[in-house]
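Some notes on the structure that comes next.
The values are calculated or read from the model by the stated rules, or taken from the named source; none is laboratory data. Being a predicted model, the structure only gives us computed values, none of them experimental. Here the Cβ is made from the backbone with ideal geometry for all residues, glycine too, and neighbour counts use every protein chain on show.
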Amino acid sequence: MSEDADRRKESHPGEVKSYHEGAFIFREHETGDQAFIVKSGKVEIFKSFNEEGKDPREVTLGILESGSMFGEMALIDDELRMATARAVGNVEVFIITRGQFQIKLSGVNLFIGKLLQILAENVRSNSEKVK
């Protein structure tokens, strides 16, 4: 296998899964045991708000395209999903399991691992302020 082929395989280690328009890849507050990389199509990341006496609403946090990773927060800090991911049109994603993610992290400098945890805490804290 060529060096380029090895690099491509390593950069996208998981199986491929397809989703149709409007399908949920995961939902806010679910347990997360996978991260994803967009192979093709677009994925919307959003938070839902159901305030008493008001109509439910969604706030879009981002639209992700090919090469974007999402869902990794739950693998970094073992917390519940902080947003929902939904297919915009037909989407293919690479799936990265918790085991694959942990193998990658085991080769990372301890400082970088701790930095990832701190960044995850900061993102979650700031996410709670979005309304």
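Numbers below:
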item	result
Some residue of region 39-49 being at pLDDT 95 or above and exposed (fewer than 15 other Cβ atoms within 10 Å of the Cβ)	yes
Residue match in region 54-64 (condition: touching a residue at least 60 places away in the same chain (Cβ under 8 Å) and either surrounded by 15 or more Cβ atoms within 10 Å (Cβ to Cβ) or over 23 Å from LEU119 (Cα atoms) (or both))	yes
Qualifying residue in region 10-18 (condition: exposed (fewer than 12 other Cβ atoms within 10 Å of the Cβ), over 10 Å from the mean Cα position of the chain (by Cα), closer than 22 Å to ILE103 by Cβ and at pLDDT below 90)	yes
